[in-house]
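As structure tokens, the structure follows; a few thoughts come after it.
Please treat every number below as a calculation from the coordinates, not as lab data. All values reported here derive from a predicted model rather than from experimental measurement. As a convention, Cβ positions derive from the backbone with ideal geometry for all residues, glycine included, and neighbour counts pool all protein chains shown.
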Amino acid sequence: MASLDDLKKRIASVKSTQKITKAMKMVAAAKLRRAQDSAEKGRPYSEKMNNVILNLSNGISDKENAPRLLSGTGSDKIHLCVVMTSDRGLCGGFNTNIIKKAKAYFSKISEEGKELKIITVGSKGNDQLKRAFGDKIIENISFKNSKNVNYFDADKVGKMIIEKFEKEEFDVCTIFYNQFKNVITQIPQAQQIIPLEADKKDGGLDGSSYEFEPDEDEILSNLLPKNISTQIFKAMLENSASEQGSRMSAMDNATRNAGEMVDKLTIEYNRSRQAAITKELIEIISGAESL
């Protein structure tokens, strides 16, 4: 049984931890508002850009001469997976859920006998994947020094992917991230960006015929690289909101658990103190009676 001094120290320690988790929850809640607003504003833009590209691709008469970022290399032997996680921990299952989604995809690729290459964006993803897939990771990118998610960081990743594609280092590129739904729910996503897979359910232009100036090929050659950076930026915004939501939920649970532990330790301390006092009284009474 722990002594009274040990119980006192444990209670003080848990209370200190509770203050920290409560403060982290409040910070995450403040950051979540901005991150959620940015993610929600970015969705219509990225979705519409995908739809515009799909409409332009439908207007190309010679599909064989379509931009390679749209049509691909004609093969799918080498898959590049960009796993986007956070650089910081204490955010519940945020990173683990993305890694699970990515590992399921890796297993599928391996079973099909295809080659796998991985780029990790975020140190936490790299830490988890390097144990089992260290030989497959070709790049590890971290934005620890960036205070907020910005397009310039996404553009760096996008240009790196395009450069590797032009060198024919891979055939298919897929990004993995968490889509923010609410504070409790974040949905892991796998989105193929090369060759582009647009959402066809909203890709039409009401059956109308449009003329483009300049022609479709020239517009696509300029628009497709920007779209890759845009889709990565959208994923980074979704990840940012999901991370703060998951951290807020995790810190709220930690604060409650710390409160419950303090209550249990306080009861144990009071019982031990009462037992010690009772023991002393019995000793005093017994000593007095013996005299």
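Figures for the structure shown
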quantity	calculated
Amide H within-cut-off set for ILE141, under 5 Å, with H built and near neighbours excluded	THR120, VAL121, GLY122
Under the Karplus curve 6.51 cos²θ - 1.76 cosθ + 1.60, θ = phi - 60°, whole-Hz ³J(HN,Hα) for segment 176-186, x wherever Gly or Pro sits	10, 7, 9, 8, 6, 10, 7, 4, 8, 10, 10
Exposure proxy order (Cβ contacts within 10 Å, fewest to most) of THR85, THR96, THR21, THR278	THR278, THR96, THR21, THR85
Mean separation of Cα contacts under 8 Å, 6 or more apart, over the residue count of the chain: relative contact order %	33
Karplus-derived 3J(HN,Hα), 6.51/-1.76/1.60, for each residue of segment 147-162, Hz, glycine and proline x	6, 10, 5, 9, 5, 5, 5, 5, 5, 4, 5, x, 5, 5, 5, 5
Helix-derived mean residue ellipticity, 222 nm - over the chain, DSSP H n ≥ 4, -39500 (n - 2.57), to 500	-22000 deg cm²/dmol
5 angstrom amide H check on ILE194, placed H, neighbours 5+ away	CYS173
Restricting segment 4-112 to trypsin sites (Lys or Arg not before Pro) in coil, as DSSP defines it, with at most 15 other Cβ within 10 Å	LYS77, ARG88
Candidates VAL121, VAL14, VAL183: whichever shows maximal mean-square fluctuation once the chain is modelled as a Gaussian network with Cα springs under 10 Å	VAL14
Structure-derived mean projected area of the Cα convex hull in nm² - corresponding label in (1) 24.2; (2) 14.8; (3) 21.3	(3)
Average Cα contact separation per residue, segment 53-188, under 8 Å, 6 or more apart, as relative contact order %	33
Sequence-distant residues sharing a close amide H with VAL82 (under 5 Å, placed H)	ILE119, THR174, ILE175, PHE176
Phi-based couplings in Hz for segment 135-143 (Karplus 6.51, -1.76, 1.60; Gly and Pro marked x)	6, 8, 7, 9, 8, 10, 10, 9, 10
Ascending count of other beta-carbon atoms within 10 Å, so fewest first, for MET84, MET160	MET160, MET84
Full-stretch length increase - ARG43, ALA23 - with 0.36 nm per residue and alpha-carbon distance subtracted	4.2 nm
